[in-house]
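Here is the structure we will look at, set down as structure tokens.
The values are calculated or read from the model by the stated rules, or taken from the named source; none is laboratory data. The shown structure was predicted, so the numbers you read here are calculated from the model rather than taken from an experiment. Cβ sites come from the backbone with ideal geometry, for glycine too, and all protein chains shown count toward neighbours.
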Amino acid sequence: MKGLIGQDRRIAELVKHVDHRVLALWAADCADRAKPCFETIWAEDNRMQEAIHAARAWSRGELPMTAARKAAIAAHAAARDVIETSSAAARAARAAGHAAATAHVANHAVHAAAYAATAIRDFADKKEADIVTDREREWQYKRLVELLERLR
């Protein structure tokens, strides 16, 4: 993870210039990439997916913030339910929870991205963990840039 600190700084700097609704969409995209970490353990549990859906729906103006917040709380409960079984699954659910919570406070998007990256890291082969994490954070940065360019 040698590049992680630099990537975190680039993301943190870029986030300062991003619209709240775009941050929710980006957070949902980040959490969505971590979904397999959760679904492998709890395929029948849809709280993570519902939180991702809520973040996207709120970003489009189709869902009130209060409903997105309820989805966030449910995803965080899913994380607590699965923590004993898998740290990757719990972190993936937290990523989705923070994505939905972005509707309430924009800064949750940064947490969604960080949890998604750590979920993917924990899910990866230990020998590949650093590479996988760096690659994921780089994807997150590029995705945020892409979303910003779409708005211009």
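Results for (1) without any contact (Cβ under 8 Å) to a residue 12 or more places away in the chain; (2) under 25 Å from ALA129 (Cβ atoms); (3) among the basic types (Lys, Arg); (4) surrounded by 20 or more Cβ atoms within 10 Å (Cβ to Cβ), shown as yes or no for each residue.
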| position | (1), (2), (3), (4) |
| --- | --- |
| PHE38 | no, yes, no, yes |
| ARG47 | no, no, yes, yes |
| ILE52 | no, yes, no, yes |
| GLU84 | yes, yes, no, no |
| HIS98 | no, yes, no, yes |
| ALA103 | no, no, no, yes |
| ALA106 | no, no, no, no |
| ALA109 | no, yes, no, yes |
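It is to be established whether one or more residues within the range 66-78 are among the charged types (D, E, K, R), modelled with pLDDT of 95 or more and within 16 Å of HIS104 (Cβ to Cβ).
Yes: one or more hits.
When the range 115-147 is examined, which residues are found to be crowded, with 20+ Cβ neighbours inside 10 Å and within 19 Å of PHE38 (Cβ to Cβ)?
TYR115, ALA116, ALA117, THR118, ALA119, ILE120, ARG121, ASP122, PHE123, THR133, GLU136, GLN140
Just to be sure before I move on: is ALA78 in contact (Cβ under 8 Å) with a residue 24 or more places away in the chain and crowded, with 24+ Cβ neighbours inside 10 Å in the structure I sent? Spell out the reasoning first.
Details: in contact (Cβ under 8 Å) with a residue 24 or more places away in the chain: yes; crowded, with 24+ Cβ neighbours inside 10 Å: yes.
Considered against the rule, which asks whether it is in contact (Cβ under 8 Å) with a residue 24 or more places away in the chain and crowded, with 24+ Cβ neighbours inside 10 Å, ALA78 comes out as yes.
Find the residue count for the range 1-48, including only residues that are in a loop (DSSP other than H, G, I, E, B) and at pLDDT below 95.
12
Within the range 61-75, identify whether any single residue is in contact with a Ser or Thr (Cβ under 9 Å, 6 or more places away or on another chain) and in a helix (DSSP H, G or I), and answer yes or no.
yes
Pairs please, first residue from the range 129-152 and closer than 14 Å to ALA12 by Cα and in contact (Cβ under 8 Å) with a residue 60 or more places away in the chain, second anywhere and aromatic (Phe, Trp, Tyr) and crowded, with 18+ Cβ neighbours inside 10 Å, Cβ atoms under 8 Å, 6+ apart in sequence or on different chains.
GLN140/TRP26; ARG143/TRP26; LEU144/TRP26
Take ILE120 and decide whether it is more than 17 Å from VAL22 (Cβ to Cβ), assigned to a helix (DSSP H, G or I), among the β-branched types (Val, Ile, Thr) and touching a residue at least 12 places away in the same chain (Cβ under 8 Å).
Judged against the criteria, ILE120 is a match.
Residue check: is ARG47 basic (Lys, Arg) and within 22 Å of GLN140 (Cβ to Cβ)?
no
Which ones in the range 12-24 are surrounded by fewer than 22 Cβ atoms within 10 Å (Cβ to Cβ) and either farther than 16 Å from ALA117 by Cα or in contact with a Ser or Thr (Cβ under 9 Å, 6 or more places away or on another chain) (or both)?
Correct list: GLU13, LEU14, VAL15, LYS16, HIS17, VAL18, ASP19, HIS20, ARG21, VAL22.
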